[in-house]
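**Q** Questions regarding the structure given below will be posed in turn.
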Amino acid sequence: MTNPYYAKTDIGPPNFWNMLPQVIKDNYGNWLYHEKVKPGVLKHVGETGDELFTVRVGSPRLLSIETLRWFADIADKYCDGHLRFTSRHNVEFLLADGTKVDALVDELEAAGWPVGGTGKSLKNLIHTQGWIHCHSAATDASGTVKAVMDDLYDYFKKDDLPAKLKISMACCLNMCGAVHCSDIAFVGVHRKIPTIDDNGVANGCEIPNVVASCPTGAIRPNPKAKSVTINEEKCMYCGNCYSVCPSLSIMDPENDGIAIFVGGKVSNTRKGPEFSKLVIPFIPNEPPRWDSLVAAIRNLVEIWVKNAKKGERYGEWIERIGWEKFFEVANLPFTDKHIDDFTFSVPTFRTTTQFKFTDKK
Amino acid sequence: MTEKKRPLLDELKKGKWPSFVTEMEKSAETKPVVNSLLNLLERSFEEKRVHWKHGGIVGVRGYGGGVIGRYCDLPEEYPEIAEFHTIRVNQPSGWFYDSKAIRTLCDVWEKHGSGLTNMHGATGDAILLGTTTPHLQDCFNDLSDAGFDLGGSGSNLRTPSACCGPARCEYACFDTLDLCHNITNSYQDELHRPMWPYKFKIKISGCPNDCTSSIARADLSIIGTWRDSIRVNQEAVAEYVDNGLPIKSAVLDYCPTKCISFDKEKKEMNIDNENCTRCMHCISVMPKALRVGKEKGATLLLGGKATIVQSAFLSWVIKPFIKLDKEDNYAELKEIMEKIWEWWDENAKVRERVGELIYRKGMGEFLKATDLEPVPQMVHHPRTNPYFFWYPEDFAAEKEAKDANKEVAGSEVSE
Amino acid sequence: MADFTPEELRAKILEYLGKKDKAKNRDIATALDTNKKEVDKMVNEMAKEGILEFLYLGTSYVKLKDKE
């Protein structure tokens, strides 16, 4: 039975203005400066002298309505009912009365919600859906993120890193979110070509779209089977054909895993935005706690903490010392996988005799 | 129903970071369907593989986006989650909520779905995770009656998102929240009814710090900037220095254009604003002493995306400076956007993002189609190869200039 | 390029989709040799009326509601 009632369409989102606390309405567009009160707590001061306190809480992004209702209760208790979320899945409680901040922080912490992630800290880890709810995930998202954040928890709580540290996770190369421009990015990858279900392709997929979906020209029509063939020598396992055609399954539990990229950023500060670059081509999937991944990321974070100058983001540190030195410091093997052989490779090759030797011990 | 053991997921309830497993178990107390989801996830952890299939045809009447169909590949074993669709709810600008709005969303989702959410998804929407086909229309009806609408999915305008902007940031160079709200409401058809070659994302950041990561992941990145001078409060500069800020190593040395000098005796900072590229470093380190300029607007950049298909792109400059005025309803921006959409829709192949189309067709064609003027701010450097196009109109213009010169020369002679 | 009255365009779109499992607006406009923007507008109108629905398979398509 279809429902006879159809609600109004195209009303758009609720108006943000109605969600703002009074202190924000009073100082909208007229903020003067901000201070870091302590890790996880910011104070913004308006031209009027008004103060706005923000308490930032780390969240796993996946939240039950039970927890959301509890957040609403906390917002009512301390913040006249006002809260917001950030682009990195944090929850922020907004209040004008600075005397309530400590009690708010205490109550959040007591319930297991970490306050932190401001200034020169590890930011909350942005991530994708993973095995919970996605069809194309090469690894899990929430599980890997939980394991990594448990291990790096103290860096979220303190703000004495060389600079801010943004770690991001995507469970396949579709990379929902700005994963490819992060200080450290880990990404689910495949390593074997898709399997072809000829019947499925013939009945469910548009061959021209499938052929066009391949970035390396590895897919050709197979008119006999009304399907396609895949050239093993050309396929780079991106999975885009699977996105277009479900009958080209690329999932492979034994060979799927994770690659790690570092040194990217999005802000225009100093040198400007940068892509992250490959440092570890493959780490196997190790549920439930991905020990090798966690150890690899800890190593990557620690060498930066130890060697970077104050104020240097991950990529800025590497640029100063050079990538060849980075591989030495990180004690990571450099392989054929690290040298680009995709579309825009040549400008990444070293076209000067200036480099540092790292093979003399 | 016998309680299944989940030893692998139990491992993820340990540790200090808030656990998504704990969140799911909270929901499972009142929603048996989440128990099934947990059991399926445990199985994925055992087998190291997903158990979800591609989406299918689901949606609510009149909408082509906002609902993502999701089906389990083991429907006989997990009938409760054989269908487990996602609903994208368009967030308020800047992700600001009050407790009433949060409770409203929770109540609707308790009635119609799993009780699991993502706050928020990568595009910016509030994500309601998991319901069945018969609930979709009712869920939408209740959301709409409560003042919420769906976000975008598929080959359409994706839900625009914005940083907190003037609501809580002294760096905001325009009203990001109002612009986001305005664009979202102005283009509801484009948001809800897919009619384009592929997705189009807009992200709005109030300053070059780009807190929405627009430059990396938005087709159109709108990033606040200013074109006059950084405002300096010299007393506050002196205060930072007196309080021990190592101004040379922490500020001056990091300036990408070395356009700041510091007078040690007067404890004054002097900025050569003509040569400042507005990177925000000094302002971010000394927010009490330095403020963005007064003549504010935004830079428009186009083409950002992740790797698939041909390459990842960062958005590049297509308009160095644009005023963003509420008073004229952002007319200039909208005119540019609509021209971009028209050219892209006309020329792109299936699943070709606008950045990839420009790569295929060239900036020259793009600029002509959108009436944008080529300026050096668009490139790191001019081309290094000698291959470039000449068009009939170039020769016509050359001839016209020549003829005009002749006329001028002729008239001089006759005088 | 053909110019249709709204009624004609509506009938042409229905006729075209009656022969197809699914189609993109661009394909409809090309097949009818008419302006895509007009097709977009009419498709949206018909979707709001519940006559058409959208589906997503790598990209978005439109189809007659409940047509298998």
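Conditions (1) in contact (Cβ under 8 Å) with a residue 24 or more places away in the chain; (2) farther than 23 Å from B:Phe313 by Cα, marked per residue:
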{"position": "A:Leu293", "(1), (2)": "yes, yes"}
{"position": "A:Asn299", "(1), (2)": "yes, yes"}
{"position": "A:Lys309", "(1), (2)": "yes, yes"}
{"position": "A:Arg313", "(1), (2)": "yes, no"}
{"position": "A:Ile318", "(1), (2)": "yes, no"}
{"position": "A:Trp323", "(1), (2)": "yes, no"}
{"position": "A:Thr343", "(1), (2)": "yes, no"}
{"position": "A:Phe349", "(1), (2)": "no, no"}
{"position": "A:Thr353", "(1), (2)": "no, yes"}
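**Q** Here's a check for you: in the stretch A:1-28, which residue that is in contact with a Gly (Cβ under 7 Å, 6 or more places away or on another chain) and closer than 30 Å to A:Gly119 by Cα is nearest to the other protein chains (Cβ to nearest Cβ)?
**A** A:Phe16
**Q** Let me ask something additional. State whether one or more residues within the stretch B:111-121 are more than 14 Å from chain C (Cβ to nearest Cβ), over 20 Å from the mean Cα position of the chain (by Cα) and surrounded by fewer than 24 Cβ atoms within 10 Å (Cβ to Cβ).
**A** Looking through the stretch B:111-121, at least one residue is more than 14 Å from chain C (Cβ to nearest Cβ), over 20 Å from the mean Cα position of the chain (by Cα) and surrounded by fewer than 24 Cβ atoms within 10 Å (Cβ to Cβ).
**Q** OK, next. With respect to A:Arg56, is the statement that it is basic (Lys, Arg) and at the interface with chain B (Cβ under 7 Å from one of its Cβ atoms) true?
**A** Considered against the rule, which asks whether it is basic (Lys, Arg) and at the interface with chain B (Cβ under 7 Å from one of its Cβ atoms), A:Arg56 comes out as no.
**Q** Would you please name the residue that is modelled with the lowest pLDDT, looking only at residues in the stretch A:189-207 that are in a helix (DSSP H, G or I) and out of contact with any strand residue (DSSP E or B) (no Cβ under 6 Å at 6 or more places or on another chain)?
**A** Within the stretch A:189-207, the match that is modelled with the lowest pLDDT is A:Gly204.
**Q** Residues that are over 30 Å from B:Glu338 (Cβ atoms) and hydrophobic (A, V, I, L, M, F, W, C): find the helices (runs of 4 or more DSSP H) completely inside the stretch B:354-415 holding 1 or more of those.
**A** So the answer is B:392-414.
**Q** May I pose another question? So in the stretch A:14-42, with the set limited to residues that are out of contact with any Cys (no Cβ under 9 Å at 6 or more places or on another chain) and assigned to a loop (DSSP other than H, G, I, E, B), which one is surrounded by the fewest Cβ atoms within 10 Å (Cβ to Cβ)?
**A** Here the answer is A:Asn30.
**Q** Mind listing just one residue for me: the one in the stretch B:302-343 that is charged (D, E, K, R) and within 18 Å of the chain's Cα centre (by Cα) and, of those, surrounded by the fewest Cβ atoms within 10 Å (Cβ to Cβ)?
**A** My answer is B:Glu338.
**Q** Say we look at the stretch B:19-34 and pick out the residues that are out of contact with any Lys or Arg (no Cβ under 7 Å at 6 or more places or on another chain) and buried (at least 23 other Cβ atoms within 10 Å of the Cβ); which of these is nearest to A:Arg56 (Cα to Cα)?
**A** B:Glu23
**Q** Within the stretch C:17-28, track down each residue that is in a loop (DSSP other than H, G, I, E, B) and farther than 19 Å from B:Trp196 by Cβ.
**A** C:Lys20, C:Asp21
**Q** How many of the residues in the stretch A:306-361 are among the polar types (S, T, N, Q) and over 26 Å from the mean Cα position of the chain (by Cα)?
**A** Number satisfying all stated conditions: 5.
Results for (1) more than 7 Å from chain B (Cβ to nearest Cβ); (2) touching a helix residue (DSSP H, G or I) at 6+ places or on another chain (Cβ under 6 Å); (3) not in a loop (DSSP other than H, G, I, E, B), shown as yes or no for each residue.
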site: C:Asp3; (1), (2), (3): yes, no, no
site: C:Thr30; (1), (2), (3): yes, no, yes
site: C:Val39; (1), (2), (3): yes, yes, yes
site: C:Met42; (1), (2), (3): yes, yes, yes
site: C:Met46; (1), (2), (3): yes, no, yes
site: C:Phe54; (1), (2), (3): no, no, yes
site: C:Tyr61; (1), (2), (3): yes, no, yes
site: C:Asp66; (1), (2), (3): yes, no, no
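**Q** Residue under question is B:His135, and the condition is that it be at the interface with chain A (Cβ under 9 Å from one of its Cβ atoms) and either surrounded by fewer than 24 Cβ atoms within 10 Å (Cβ to Cβ) or of a type in the set (Asp, Glu) (or both); does it hold?
**A** Criteria not met by B:His135.
**Q** Can you list residue pairs whose Cβ atoms sit under 7 Å apart, with the first residue in the stretch A:61-77 being more than 7 Å from every other protein chain (Cβ to nearest Cβ) and the second being in a helix (DSSP H, G or I) and among the charged types (D, E, K, R)? Count only pairs 6 or more apart in sequence or on different chains.
**A** From residues that are more than 7 Å from every other protein chain (Cβ to nearest Cβ), the pairs are A:Ile74/A:Glu107.
**Q** When you scan the stretch B:242-259, do you find a residue that is of a type in the set (Asp, Glu), touching a residue at least 60 places away in the same chain (Cβ under 8 Å) and farther than 30 Å from A:Ser276 by Cβ, even just one?
**A** No, there is no match, as no residue in the stretch B:242-259 is of a type in the set (Asp, Glu), touching a residue at least 60 places away in the same chain (Cβ under 8 Å) and farther than 30 Å from A:Ser276 by Cβ.
**Q** Against the definition (at the interface with chain B (Cβ under 10 Å from one of its Cβ atoms) and under 22 Å from B:Thr104 (Cα atoms)), how does A:Trp31 come out, yes or no?
**A** The answer is no for A:Trp31.
**Q** Separate question: Being among the charged types (D, E, K, R), crowded, with 19+ Cβ neighbours inside 10 Å and more than 15 Å from A:Ala141 (Cα to Cα), is that true of even one residue in the stretch B:35-52?
**A** Checked against the condition, which is being among the charged types (D, E, K, R), crowded, with 19+ Cβ neighbours inside 10 Å and more than 15 Å from A:Ala141 (Cα to Cα), the stretch B:35-52 yields no hits at all.
**Q** Which numbered condition in (1) small (Gly, Ala, Ser); (2) on the phi < 0 side of the Ramachandran plot; (3) in contact with a helix residue (DSSP H, G or I) (Cβ under 6 Å, 6 or more places away or on another chain); (4) facing another protein chain (nearest Cβ under 7 Å) is the only one that B:Gly94 fails?
**A** (2) is the only condition that B:Gly94 fails.
**Q** Still on this structure: Counting just the residues of the stretch B:153-204 that are within 14 Å of chain C (Cβ to nearest Cβ) and within 13 Å of the chain's Cα centre (by Cα), which one comes out surrounded by the fewest Cβ atoms within 10 Å (Cβ to Cβ)?
**A** B:Lys199
**Q** Same structure, new question: Which one of these does A:Ile132 not meet: (1) surrounded by fewer than 24 Cβ atoms within 10 Å (Cβ to Cβ); (2) within 7 Å of chain B (Cβ to nearest Cβ)?
**A** (1)
**Q** In the stretch B:56-64, is there at least one residue being surrounded by fewer than 20 Cβ atoms within 10 Å (Cβ to Cβ), within 14 Å of chain C (Cβ to nearest Cβ) and under 26 Å from A:Pro284 (Cβ atoms)?
**A** No, the stretch B:56-64 has no match at all.
**Q** Right, something else. Regarding the stretch A:91-108, can at least one residue be identified that is surrounded by 22 or more Cβ atoms within 10 Å (Cβ to Cβ), in contact (Cβ under 8 Å) with a residue 24 or more places away in the chain and within 24 Å of B:Val34 (Cα to Cα)?
**A** Scanning the stretch A:91-108, I find at least one residue that is surrounded by 22 or more Cβ atoms within 10 Å (Cβ to Cβ), in contact (Cβ under 8 Å) with a residue 24 or more places away in the chain and within 24 Å of B:Val34 (Cα to Cα), so the answer is yes.
**Q** Do any strands (runs of 3 or more DSSP E) entirely within the stretch B:60-133 hold 1 or more residues that are aliphatic (A, V, I, L, M) and modelled with pLDDT of 95 or more, and if so, which?
**A** B:86-89, B:116-118, B:126-129
**Q** Condition test on B:Ser27, is it away from chain C (no Cβ under 14 Å), farther than 21 Å from A:Val148 by Cβ, touching a Pro at 6+ places or on another chain (Cβ under 9 Å) and assigned to a helix (DSSP H, G or I)?
**A** no
**Q** What number goes with the only condition from (1) surrounded by 18 or more Cβ atoms within 10 Å (Cβ to Cβ); (2) out of contact with any helix residue (DSSP H, G or I) (no Cβ under 9 Å at 6 or more places or on another chain); (3) farther than 30 Å from A:Lys123 by Cβ that B:Ala82 does not pass?
**A** (1)
**Q** Oh, and also: Given the residues B:Asp242, B:Asp228, B:Asp253, which is the only one that is touching an Asp or Glu at 6+ places or on another chain (Cβ under 6 Å), over 21 Å from B:Ser315 (Cβ atoms) and surrounded by fewer than 16 Cβ atoms within 10 Å (Cβ to Cβ)?
**A** The conditions single out B:Asp228.
The values are calculated or read from the model by the stated rules, or taken from the named source; none is laboratory data. If you're wondering where the values come from, they're calculated on a predicted model, not measured in any experiment. In this analysis, Cβ positions are derived from the backbone assuming ideal geometry, glycine residues included, and neighbour counts consider all displayed protein chains.
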